[in-house]
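Chemist: Here it is, the structure, as structure tokens.
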Amino acid sequence: MKLNSDRNTGLILALSILVGLAGCSSGPDTAGSSGSESVIATSKAGDLTVTLSNARGTMREGENEFTLEFRNAGGQTVDVGAITLFFEMPAMGSMPHMKNDATLTTTGTPGIYRGQSRLEMKGTWQAKLSYKGPAGDGQTTFTINAK
Ligand SMILES: [Cu+2]
């Protein structure tokens, strides 16, 4: 029966995502799922929803760690391949244009990445993200208010 086999496929996918999450967790405060983190910003990139989150739910001046997730309309994580992410602020008065790169690493779950970036100052940053890989090419921008 077509309906039954579709349902089974969905269940197997859900189970493998759970196994993936359990596999990359080494402690209660280990990231890898937004379940224990607060959303900083979300944005659409084509059919995908990109979510930036961390434990505090905000970015700040100085060192930041965060989680980046790519999900399809069904809520499943999607491997997007190579990602470029940087935070940018236009020149303001005597302050020059600022650009702070992020470092991203994969986790045990394809489509969920851990990120690090050092922001030079408080204020409004444009987070510019692009990716290229199995899900095609895409790009999006988030507005972040660093506190
Ligand atoms: Cu500035």
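Every read-out reported here was derived from the displayed coordinates using simple, explicitly stated rules and does not represent laboratory data. Computed from a prediction, not measured in an experiment: that's the story for all the values here. Positions of Cβ are generated from backbone atoms using ideal geometry, with glycine treated the same way; all protein chains shown enter the neighbour counts.
Chemist: So what is the relative contact order for the stretch 84-147, in percent, with contacts set as C-alpha pairs under 8 Å and at least six apart?
Modeler: 30
Chemist: Any lysines with Cα under 20 Å of the residue 44 Cα? List them, leaving off those in the same chain fewer than 8 positions away.
Modeler: 128, 132
Chemist: Please report 143, 51, 84 as a ranked list, fewest other C-beta atoms within 10 angstrom at the top and most at the bottom.
Modeler: Taking fewest neighbouring Cβ atoms as first place, the list is 143, 84, 51.
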